[in-house]
Amino acid sequence: MKRYIIRTTVLSFALVSLLGACKEQLDVKNPNQPTPSSASTETGVIALAQGSVYINGFRDGIKYSDGIPGYFWTGAVGFHELMADVVGEEAANVYGNQIGMPDAVTLDDGSKVLNPSSINTQIALIRTINTNANAGANPLFYEWGYMYNLNNSMNNVIDITNSTTFTNDASGAKKNTILAWAYWWKGFAYSRIGSMYYAGIINDKTGATNANYVAKEKIIDEATKNLDKAAALLTTIGSDANYIPTLTSLIPTFNQVGKGLPPTTDMWKRSINTLKARNILVNTTAATMTAAQWGQILTLTNDGVKSTDNIFTGRSTDNADFISAVNGSMAAKSTGTPGTVTYKISERLIQDFPTGDKRLTNNFTQLAAPALFNSDRGNSFNTRWQLVSGGKGQSGVVVLSNLNVGAYELTLASTYEENELMKAEAKIYTGDIAGGLTSIDAVRTFQGAGLATLSGLDLAGAKEELRKERRVGLVFRGLSFYDARRWEVITKGRTGAVVVDKAGKVNTNATITYNFLDYWDVPDNELAYNPAASGSAPVKNPK
């Protein structure tokens, strides 16, 4: 298949890149120069903007890689899903079998299985392995590296776009579409950094950095600033005739399927609102959310992604231009018999599906006998379940995995389901329980769950339905760790848990003590070359 994405390679962790392109698109010599002649054309800057996202930001854009966890959507996101107890991992690559290992599992009979690591806790593990000497074996490096490369690449796109002349663009819609693209992805990158790391760097200079580390809250503020810039540009563009053709050129052709068709300016602004709502929700514990914050979330989600909106998605091709069909998504790397896949389906995920949920019966098969793994890694990822490819043919029910080329739709940012469930949560926590339940029902209907509508629940019951729905309705989307953190599951643990012990016995009332770090320290891969300047915010979480 013809390759549609412009490819880039990072030469150092300082995020300086060279861009290589297919000869039918562009031959860029060095896009980190202010105005390389090969990129300072209309077609050149569009090609640069496309490849800088899909390759620099999510695939080949960092110094290290490991074939077991994979690129951003399975590696960096995989750490999230492991710590959220959505999946488990046996492989030791990049400490995958330890980063999601709880401190202790107390079984039904009262016996306790401790974290078998020699340092016994995940927090101690992180403090031990977060060293530059660990290179690509440091799990803290990956999300940081990808997202700062994405940010740097968008700085480059902005610089070149502002110095490029566009033909037949009197209104500036072509230029503004590319700038909106760059600010949107910068906002996305800062959102990820500020939602995962204790501190970060704000940087708007191409091919450069600074040593002024700021608190995670300031990084989220910077995300908002960039998202607002994108929204303002989209408002200026409106329905200009140059908008859709330009955006169509920015999105790889193979991604323009299903929900991945180019969004209108209004649809895109709704995606921005949903991402802004996420940044408020996931970075505040539920117990400390204020009425004002719930109000902000309601305002944003009431004008957030609709069920009919196009959004940003990804698809596989037969030569894996962006992602591979068989291992390019969390769903793909979790599909098949547990002994043959990287990520094993967690028993705790399965127990969160409501009784009679067609999403469970259409996508998962229960094994004849439990799959048991290395007992020296505890019992937390033993499982009786496997995810199947393509579903089981139940009409109108969401298919959670498909290993056929181009069949699986990877959602990259905001979705209708996430927006509606944030709206549900805001309503539930502000006294409109019935309204919140209606939004949960809407998501279940959208995904074909086949469940009866919810009614008559008290506050505790509504919160529990919401918790379960976010787990199963947003599965594999890299949001579950945020939820476990803000609901304090990672610190208070989980009771009534289903756990398969090393003998294959199914425990139904186990207690899991996770004790995970809520925000990661700045990776030493960065600090070793870019020590924090005087006056910087702390780069290490005090927990």
Against the longest principal axis of the chain, how steep is helix 291-302, in degrees 0 to 90 to the nearest 10, with axes from Cα atoms?
-> 70
HN-Hα J couplings of the range 64-77 from phi, Karplus 6.51/-1.76/1.60, θ = phi - 60°, integer Hz, Gly and Pro as x?
-> 10, 7, 9, x, 6, x, x, 7, 4, 6, 10, x, 4, 5
Quick one: what are the phi-derived ³J(HN,Hα) couplings along the range 106-116, Karplus 6.51/-1.76/1.60 with θ = phi - 60°, whole Hz, x for glycine and proline?
-> 9, 7, 4, 7, x, 6, 10, 9, 7, 3, x
To the nearest 10 degrees, how steeply does helix 433-446 sit against the main Cα axis of the chain, on a 0 to 90 scale?
-> 70
Rank the residues 430, 235, 383 as a footprinting-exposure proxy: fewest other Cβ atoms within 10 Å of their Cβ go first.
-> 235, 430, 383
Residue span residue 235 to residue 217: 0.36 nm per residue of separation minus Cα-Cα distance leaves a gain in nm of 3.8 nm
If each part is reduced to its alpha-carbon centroid, the range 202-222 and the range 408-438 end up apart, in Å, by 30
By how many degrees, 0 to 90 and rounded to 10, does the Cα axis of helix 141-162 deviate from the longest principal axis of the chain?
-> 20
When each of 463/502; 186/492; 225/269; 333/543 is checked by Cα-Cα distance, pairs over 25 Å | 463/502; 186/492; 333/543
Loop-resident sites, the range 38-140, for chymotrypsin sites (Phe, Trp or Tyr not before Pro), counting at most 12 other Cβ within 10 Å (DSSP) | none
Under 5 Å between amide H atoms, partner at least 5 residues away or on a different chain: which partners does residue 316 have, H built in plane at 1.01 Å?
-> 406, 407, 408
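Only the coordinates and a few stated rules stand behind these numbers; no lab work does. A quick note: this is a predicted structure, and the numbers were derived from the prediction, not measured. We place every Cβ from the backbone using ideal geometry, glycine too, and count neighbours over all the protein chains shown.
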